[in-house]
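The structure under discussion appears below in the form of structure tokens.
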Amino acid sequence: MKKRYLCPVCDQELTAKRYCPECRRVRKEPVVYEGWLLPNESDGEGVFQRAAEGASARAGSASASGGKAVSGKASASGGKAVSGKASASGGNAAGRRVQSGGRVYDSRYLDNCGSDHAHAYGAPNRDPHKAKRGAKGGMSLKGFKILVILTIICSAAAALWEPLWEVGKEIVTDIQEEFGIGDSRDGPEEALDALESGENGAEVSGNGLVDNYTTLSEEEVKAAGEPCNGYAHYDVDGEEYIARLSQYINDLWPEEAVSFEWQESYNQVYQNGSSRYSYYERRAECFLGNGVYYIVSCDTVTGEVMELSVGAEGEEEFGRAFLLMTCALEPEKDRNGVWSEIQSLFSAMEGEEYYFGDWGIHEIYLSGGTSYYGSLKCLPQYDKYQ
């Protein structure tokens, strides 16, 4: 005789005798049924169905004779005998075919409750009208408890959000005050102190220190009188350099009108934790008719050259323009020697998109292709203020 293990909650057959695939739970005390077919199962037009129909006929005759209990055995189906008692309706429910929810079940209990909801048929000796509802029938007590707990948590979070937000703002304010972030600057002597400016915002870095970006006016940095420390400085005055370069350009290209125009200065202080960096830059630009252009970057406060840039359309014009830019910065050097070094740099860049490296006191960058560009920066070890 085959033993079948059923879930005591949803009446589904268990796998591995303990696990219910419907409830997705392990059942420690399953319902054990000995037989091949459950009362709600049928083998089509097989032996069990014919036995059920015979039992129904016998139940009808028993009802007509006075309502005595008649038992219908299901031995043909391989199961134990199932007993059906007479009911108030005058019929025996043994082997009764019941339709519910669009499905047909074999049940030993009458479905005379008059409702349309589905019942839990199939478990032996269990009235489907009294069976517990499973996951499909409604919410369990455990689910209700979880819902209540989640509701309480959400309500508490909503109630505490505003006070927590206020506490967070107070913490940020304390950090700003600790690192000296003020509301205004009283005079030019405070212009370099970026942490005393509240106009440009601040960010708290991962180490708990303050990252502050402050933009200053040209008048403020000049009044402070200190050079920036974010760029290295050549020991060359920008105005003198531009005058010398303009003369070199006129000598090489006398037909070109040379005019350098100063642009608006850019001055910023950056606070990175406990380190502070200043970047003061004022640019002079010159564009020639042959496609060559120059940019001279100087310190806003001291006026000393920090970076030089040149661009041109053709390689030959670019080489000459780069030579003039370099010789104007170091006029004492021999031009032929400088030109030979430049040609060596161009050869090193051949087949490459760019060249970058150290060249004397300079950090040099060259790029080619459809147009050419080059720049010179002072190396930090040669900074005038190092």
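The values are calculated or read from the model by the stated rules, or taken from the named source; none is laboratory data. Since the model is a prediction, treat every value here as computed from it, not as a measurement. Every residue, glycine among them, receives a Cβ derived from its backbone with ideal geometry; neighbour counts consider all protein chains shown. Ligands, DNA and RNA are stripped out before the accessible areas are found, and what is left, the full protein with its side chains, is counted by its heavy atoms. Shrake-Rupley method; radii C 1.70, N 1.55, O 1.52, S 1.80 Å.
A few notes on this one:
- For region 270-330, accessible area per residue (1.4 Å probe, heavy atoms of protein chains only), Å²: 33
- Modelled spin labels at GLU170 and SER217, positioned 7 Å past Cα toward Cβ, are 3.8 nm from each other.
- Computed extension gain for ARG25 through ILE149, at 0.36 nm per residue and net of the alpha carbon distance, reaches 42.5 nm.
- Placing a pseudo-label 7 Å from each Cα along the Cα-to-Cβ vector at LYS333 and LEU379 gives an inter-label distance of 1.2 nm.
- For region 278-320, carbon and sulfur atoms together expose 41% of the accessible surface, with a 1.4 angstrom probe and every protein chain in place.
- Exceedance of the 25 Å cut-off in Cα-Cα distance is limited, within the set LYS3/LYS145; LYS2/LYS142; LYS3/LYS28; LYS333/LYS384, to LYS3/LYS145; LYS2/LYS142.
- Solvent-accessible surface (1.4 angstrom probe) belonging to ILE361, in square angstrom, nearest 10: 50
- Site pair ARG244 and GLU353 shows an inter-label distance of 3.5 nm when each label is modelled 7 Å from Cα along Cα→Cβ.
- Peptides ranked, highest mean first, by Cβ atoms within 10 Å: ranges 362-374, 303-315: 303-315, 362-374
- Charged-residue dipole, Cβ positions (Lys, Arg, Asp, Glu), region 266-386 about Cα centre, Debye nearest 20: 480
- Relative compactness, region 321-386, computed as alpha-carbon Rg over 2.2 N^0.38 Å: 1.15
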